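Asks: Quick one: this structure, given as structure tokens, is what I'll be asking you about.
The values are calculated or read from the model by the stated rules, or taken from the named source; none is laboratory data. What you are looking at is a predicted structure, and each value in this text was computed from that prediction instead of being measured. Here the Cβ positions follow ideal geometry from the backbone for every residue, glycine too, while neighbour counts run over all protein chains shown. These area figures cover heavy atoms from the full protein model, side chains too; ligands, DNA and RNA do not enter into them. Shrake-Rupley method; radii C 1.70, N 1.55, O 1.52, S 1.80 Å.
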Amino acid sequence: MFLFDEPSPQRIARVLDAQRDAPFSYDEVGASREGAKAPAGYAVDHNRARLGRGRDMFERAVAALYSWKMFDVGWAKLVPADVPVEVGTTVAVLARHYGFHSLNPCRISYTIEEDEGGFLKRGFAYGTLPEHGERGEERFTVEWRRKDDSVFYELYAFSRPNHFLAKLGNPLARRLQRRFARDSLRAMVRATNPG
């Protein structure tokens, strides 16, 4: 949803209420799971940042992830900002860009809690809803690799335009997606490495 002015909290609440029971806007729900092949016809973004080392860093990173700190980018934010990370939770990304605002509703499609001997992983993915400018899914994970004690934050997304303006401005939309990935990685580094 593209807007000339920033929407009021009441308007945001109305949009979220209207989208709460809407179906996902893409058929490949869950395809962002690790090991799954990205669907044909979608742009794929895969970004990682090493946050540090050790269990303490992993726990700080998981706390930051579940507090949505990866959205502390300055030009975009999650609304509402204090919702729990649970399957079925509906949120929206409110972004200010290119002289206008966009409000993009999503729903958490799955969560991740893995302990596979050599690593611990926590995270989740959300998928787009009909009023989102794009269609697709984005996964956010934190991983602690016990072998070398490294902790990573990872974003993986597949998307394609859903709205007429997103199709028309696809190169600009792709630039925004790359900007969000870069800024989100920085936000998680800041959130887990205070000072």
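Asks: With a 1.4 Å probe and all protein chains left in place, how much accessible area per residue does the chain have, in Å²?
Replies: On a per-residue basis, 50 Å².
Asks: For region 29-45 and region 91-155, compute the distance between their C-alpha centroids and round to whole Å.
Replies: Cα centroid of region 29-45 versus Cα centroid of region 91-155: 13 Å apart.
Asks: Once you sort the root eigenvalues of the Cα gyration tensor of region 12-61 as a ≥ b ≥ c, which label holds: rounded (a/c under 1.5), prolate (a/b larger than b/c) or oblate (the other case)?
Replies: oblate
Asks: Taking the highest mean first, how do the peptides 72-85, 100-113 order by number of other beta carbon atoms within 10 angstrom per residue?
Replies: 100-113, 72-85
Asks: Shifting gears a bit: Under 5 Å between amide hydrogens, which residues at least 5 positions from S32 or on another chain qualify, with H placed 1.01 Å from N in the peptide plane?
Replies: HN-HN under 5 Å from S32: empty list.
Asks: Considering only H132, P9, A49, whose Cα is most displaced toward the positive end of the charge dipole of the chain, charges sitting on Cβ of Lys, Arg (+1) and Asp, Glu (-1)?
Replies: With unit charges placed on the Cβ atoms, the residue in question is A49.
Asks: Measure nothing but the geometry: give the 0 to 90° angle between the long axis through the Cα atoms of 9-19 and the longest principal axis through the Cα atoms of the chain, rounded to 10°.
Replies: Helix 9-19 sits at roughly 90 degrees to that axis.
Asks: Carbon and sulfur atoms: what percent of the 1.4 Å accessible area of the chain do they account for?
Replies: Roughly 51 percent, rounded to a whole number.
Asks: Calculate the FRET efficiency for R55 and R20 from the Cβ-Cβ distance with a Förster distance of 35 Å, rounded to the nearest 0.05.
Replies: The calculated FRET efficiency here is 0.40.
Asks: Also, quick follow-up: Run the quick spin-label model on E6 and R175: label points 7 Å from Cα toward the beta carbon, then report their separation in nm to one decimal.
Replies: Roughly 2.3 nm, to one decimal.
Asks: Continuing with the same structure: Work from the charge dipole of the chain (Cβ charges, +1 for Lys and Arg, -1 for Asp and Glu, about the Cα centre) and give the residue of G99, G30, L120 farthest towards its positive end.
Replies: The one lying farthest along the dipole's positive direction is G99.
Asks: If each of V29 and R48 carries a label point 7 Å out from its Cα toward its Cβ, how far apart are those two points in nm?
Replies: 2.9
Asks: Figure the gain on full extension for E86 and R182 (residue separation times 0.36 nm, minus the Cα-Cα span) and round it to one decimal in nm.
Replies: Numbers: separation 96, 0.36 × 96 = 34.56 nm, distance 2.52 nm.
Difference between extended and current length: 32.0 nm.
Asks: Report the gain in length on full extension from D148 to V189: 0.36 nm times residue separation, minus Cα-Cα distance, nm rounded to one decimal. Provide the component values of the computation, followed by the final result.
Replies: Details: separation 41, 0.36 × 41 = 14.76 nm, distance 1.88 nm.
Net length gain for the segment: 12.9 nm.
Asks: Among rounded, prolate and oblate, which fits region 8-110 when a ≥ b ≥ c are the square roots of the eigenvalues of its C-alpha gyration tensor, a/c under 1.5 means rounded, and a/b larger than b/c means prolate?
Replies: oblate
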